[in-house]
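The values are calculated or read from the model by the stated rules, or taken from the named source; none is laboratory data. What you see is a predicted model, and the numbers here were worked out from it, not measured in a lab. We place every Cβ from the backbone using ideal geometry, glycine too, and count neighbours over all the protein chains shown. These area figures cover heavy atoms from the full protein model, side chains too; ligands, DNA and RNA do not enter into them. Shrake-Rupley method; radii C 1.70, N 1.55, O 1.52, S 1.80 Å.
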Amino acid sequence: KFIMVLIRNKIYYTYKDVTIVPSILSSIEHRSECNPYYENGLLPLFTSPMDTVVNEKNYSMFHNQSIIPILPRTIDINKRLEKSVNGDWAAYSLKEFERVFCNGDKLIYSDNILVLIDVANGHMERIIELVKIAKKIYGEKIVIMAGNIANPQTYIKYAEAGIDYCRCGIGGGNCCITATQLGVFYPMATLINDIYKTKIELIKNGNFTKLPKIVADGGVRNYDDIIKALALGADFVMCGSIFARALESAAEKKCKNHSEDFILENYKNLKFQNGKWSGEYSDKIISELGCEDLKGKPIDLGCISATYYGMASQQGQVALNGSKTKTSEGNMKIFDVTYTIHGWSTNFKDYLCSAMSYMGCRNIKEIAENANVIVNSKNASESINK
């Protein structure tokens, strides 16, 4: 018996292949009329659960910028549990999720437990089985994000299991080489839109009272990719390298003008200008050094670099397990640090509001409903992806 593998003649697209057409007319006269926040005051942004992005020190800093952080699996599990039961996000392996949240004999008492099942392959049947067990134990008290998936039909299985957030995208991350080495990939623009269409069909059929939020994860390189993901149907966008290359990220940083590693707490009044960072020593360091004469004096830091890697890379495996445990599906990159999280998020809010004014959207929920996304020719794409 022969089975033919069918190659579909549909063309699939990335973020760089598409753009958003303005509405015919808009009643919005200024971008200040547009609200880039959800009802809870948060932006449609998650941090990736990576130890080069988030740690215990900068977790609240992301919150303060209305970005939703997720504590990575490299952090002690008791500290992650403390976050989860207090209504903050933390990541868990599938084994950790089973051990902690699928054991009815060891109930966790909280009305708002936020949990990310952090695995590379979100198509495993075991995820569905365990989520159903956890939901049976905790009901709506536990909020579960799972993934990553790269098949729109899997979204239906997630909806049936009661998963609350569906993390979508495989192989598109800045340091992910899954698609390169395995050939497993579904271009992000088409994937998000196909999952969104699947979600709309489920709504029309009326079989579900609640459906998973769509979280676009991977392939985001700039502000415009985030806005396009929202226009294509994502409820949230998860960013890794964008946040890792910020000054306050958890990534290891080195200062090219100094032999020692860059430590944020050692400096204050930091500014980036003409490709270089400058600032002053913090009072804490001046006190430790016993050099009061350095107080208030500027210091030229020069360039600061950040080391970023995927959690499936050799470096990520060592951070998680203490050693390399399998063939890596990620790599490491070094980026120049050129902005702060505050500066980046301020720009993002302005850009998002401006895009919303073009689309005639006053709130986040109207974006996917109103957006008109088109596919561009190769020459058109090259003319705008500068």
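Odds and ends about this structure:
- Residues of region 72-130 satisfying the condition of being modelled with pLDDT under 95 and in contact with a Leu (Cβ under 9 Å, 6 or more places away or on another chain): 108
- Members of region 253-306 that are surrounded by 16 or more Cβ atoms within 10 Å (Cβ to Cβ), under 25 Å from residue 47 (Cα atoms) and among the charged types (D, E, K, R): 253, 254
- For region 150-206, the candidate set comprises residues that are polar (S, T, N, Q), in a helix (DSSP H, G or I) and open to solvent by 60 Å² or more (accessible area, probe 1.4 Å); within that set, the residue that is modelled with the highest pLDDT is 153.
- Failed criterion for residue 321 (all others in (1) surrounded by fewer than 17 Cβ atoms within 10 Å (Cβ to Cβ); (2) touching a helix residue (DSSP H, G or I) at 6+ places or on another chain (Cβ under 7 Å) hold): (2)
- For region 330-350, the set of residues classified as over 21 Å from residue 252 (Cα atoms) and either outside any helix (DSSP H, G or I) or without any contact (Cβ under 8 Å) to a residue 60 or more places away in the chain (or both) consists of 346 only.
- Qualifying positions in region 26-41 - within 19 Å of residue 342 (Cβ to Cβ) and buried (at least 17 other Cβ atoms within 10 Å of the Cβ): 36
- Of all residues in region 207-217, exactly one satisfies the criterion of being open to solvent by less than 10 Å² (accessible area, probe 1.4 Å) and outside any strand (DSSP E or B), namely 212.
- Residue check, residue 139 part of a loop (DSSP other than H, G, I, E, B), over 29 Å from residue 326 (Cβ atoms) and open to solvent by 10 Å² or more (accessible area, probe 1.4 Å): no
- Count of residues meeting criterion [in a helix (DSSP H, G or I) and either at pLDDT below 95 or among the aromatic types (Phe, Trp, Tyr) (or both)] in region 20-60: 1
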